[in-house]
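Student: There's a structure below that I have some questions on.
The values are calculated or read from the model by the stated rules, or taken from the named source; none is laboratory data. Note that this is a predicted model, so its numbers are computed, not measured. Because the Cβ atoms are built from the backbone with ideal geometry, glycine has one as well, and the counts that use them run over all protein chains shown. For the accessible areas, the whole protein counts, side chains as well, though only heavy atoms, and no ligand, DNA or RNA atoms are used. Shrake-Rupley method; radii C 1.70, N 1.55, O 1.52, S 1.80 Å.
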Amino acid sequence: MTKFLLWMVFSVLTLLFKPMGAFPSLGLDLGGSRQQRDIHCRDNLEYPNGNTCCLNCPAGTRLISPCTTAGQKGHCEECQYGTYTEHSNNLNQCFKCTLCRSDQETVRPCTYTHDAECRCKAGKFCAPDQPCEVCKRCSRCEEDEQIVRNCTSTTNTECKKIQHKSGSTSARASVIVPLSLSAAVVVVAVVVFALWRRRRGTDSQRNQPDGSKARQHYSDCPTEEGTNGEPRGLNLPRSLEDQQFPKLVPVNGEESLRKSFEYFEEMDINFHKRFFRLIGITDNAINNKEHLPYEDKIHELLNIWMEKEGREANLNDLLKALLDLNQRRTAEIIKEKAVSNSHYFCED
């Protein structure tokens, strides 16, 4: 009887605990899978690491290793010099800072939390809706135009035609007639002056065979301009041109020469290789700089020339190379800018 009661008790207990041993474990597995699928981390604040949401690293840092506890930051490290991150993140690397080009100026330097800001230097611009590979020179309004808006670092100069007030027909006629007469007088005066000057030059050459006194009629520095706006003497014989061109003396040595490099941007692009070959730059060095923007290429090649020449580097040698290439107008412009900006003065 005692064995029978014990067997009954055992059977009842087995029936009671059997379902509790099967279903709860299945429910726990399902619950665990559902929890892993439904995990949601807060945008711009957290990132998932398995079943855990970790806090982002702050701006100016990067992630080295994630957290192991939900709601905590992992191991973050400050960005190295020359790199940055503007926002909180879970990036493994910081972004490289932008380097402003030689034709740009730095508006705001790069820090650990924001990139550098660049803009075109004064007198140049780059439209924001176009790829800014090189800053363009600002346009100048013509004589019959007026400025509507000055050039900025992002917009070119805007010009419009000058609108003259229209009067009556008789008034316009009275203005046209004097203008026509004035133009005729000017033309006659120019022709007479040209003939007189030509005759004077012929007489001078007769009396002075060596031409030494004739050359004194041409100013050494600054360059005078003729009636057509060209530097006077551009049509002289070649030997006389070379003698008439003044010799420049630097105000501040090597610094004056380097500051004059930008004036060579005026050079005709078709003469680039011939010019640099003439001053001793190899074709290999010239071709290595072809990928650079226009202004940067000029500066880089002139720096190579200056390092090669050392103390013998002289602006007069560069101007003579332009004269040898029959680029006298470019040489005149460079000379005028170097003198007017107080980098050089003309030798007495």
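Student: Let me check I've understood the local charge: for PHE125, count other residues with C-beta under 15 angstrom from its C-beta, Lys and Arg +1, Asp and Glu -1. What total comes out? Display every interim value, and only then the final one.
Tutor: Values: positive: ARG101, ARG119, LYS121, LYS124, LYS136, ARG137, ARG140, ARG149; negative: ASP103, GLU105, ASP129, GLU133, GLU158, GLU295.
Value of the local net charge: +2.
Student: While we're looking at this one, here's another question. Give me the net charge of SER88's neighbourhood, meaning all other residues with Cβ under 15 Å from the Cβ of SER88; Lys, Arg count +1, Asp, Glu -1. Spell out each step's value before the answer.
Tutor: On the way: positive: ARG42, ARG62, LYS73; negative: ASP43, GLU46, GLU77, GLU78, GLU86.
Result for the local shell: -2.
Student: Using the Cα centre of the range 89-169 as the reference point, and only Cβ charges (+1 on K/R, -1 on D/E), how large is the resulting charge dipole? Debye, rounded to the nearest 20. Provide the component values of the computation, followed by the final result.
Tutor: Details: 13 positive and 11 negative charges, 19 e Å.
The dipole of the range 89-169 has a size of about 100 debye.
Student: Working with all protein chains in place, sort GLU46, GLU143, GLU307 by solvent-accessible area computed with a 1.4 Å probe, largest first. Working shown, then result.
Tutor: On the way: GLU46 30, GLU143 180, GLU307 145 Å².
Largest to smallest exposure gives the sequence GLU143, GLU307, GLU46.
Student: Let me ask you something else. Let a ≥ b ≥ c be the square roots of the eigenvalues of the Cα gyration tensor of the range 268-348; is it rounded (a/c under 1.5), or, if not, prolate (a/b larger than b/c) or oblate? Working shown, then result.
Tutor: Working: a/c = 1.74, a/b = 1.53, b/c = 1.14.
It comes out prolate by the Cα gyration axes.
Student: Follow-up question, since we're still on this one. Sum up the charges of everything whose Cβ sits under 14 Å from the Cβ of GLY280, counting Lys and Arg as +1 and Asp and Glu as -1, but leave GLY280 out. Display every interim value, and only then the final one.
Tutor: Values: positive: LYS273, ARG274, ARG277, LYS308, LYS320; negative: ASP283, GLU307, GLU309, GLU312, ASP317, ASP324.
Spelling it out: positives minus negatives among the neighbours equals -1.
Student: Order GLU266, GLU133 by their accessible area, 1.4 angstrom probe, all chains in place, largest first. Working shown, then result.
Tutor: On the way: GLU266 70, GLU133 135 Å².
I get GLU133, GLU266, largest accessible area first.
Student: Report, in listed order, any pair from LYS160/LYS259; LYS73/LYS96; LYS161/LYS289; LYS160/LYS335; LYS96/LYS308; LYS136/LYS259 with a Cα-Cα distance greater than 31 Å.
Tutor: Details: LYS160/LYS259 35 Å; LYS73/LYS96 24 Å; LYS161/LYS289 41 Å; LYS160/LYS335 33 Å; LYS96/LYS308 34 Å; LYS136/LYS259 20 Å.
Correct reply: LYS160/LYS259; LYS161/LYS289; LYS160/LYS335; LYS96/LYS308.
Student: Let me know the shape class of the range 104-161, please: from the alpha-carbon gyration tensor, a ≥ b ≥ c as square roots of the eigenvalues, rounded when a/c is under 1.5, otherwise prolate if a/b is greater than b/c, or oblate.
Tutor: Numbers: a/c = 3.36, a/b = 2.94, b/c = 1.15.
In terms of gyration-tensor shape, prolate.
Student: Using alpha carbon centroids, what distance separates the range 82-99 and the range 122-147, in Å?
Tutor: Between the Cα centres of the range 82-99 and the range 122-147 lies a distance of 33 Å.
Student: If you count only protein heavy atoms and use a 1.4 Å probe, how large is the accessible surface of MET306, to the nearest 10 Å²?
Tutor: We get 20 Å² for MET306.
Student: Moving on. At 1.4 Å probe size, with no ligands or nucleic acids counted, give the accessible surface of HIS343 in Å², nearest ten.
Tutor: Roughly 30 Å² of HIS343 is accessible to a 1.4 Å probe.
Student: I would also like to ask the following. Roughly how many Å² of CYS141 are accessible to a 1.4 Å probe, to the nearest 10?
Tutor: 40
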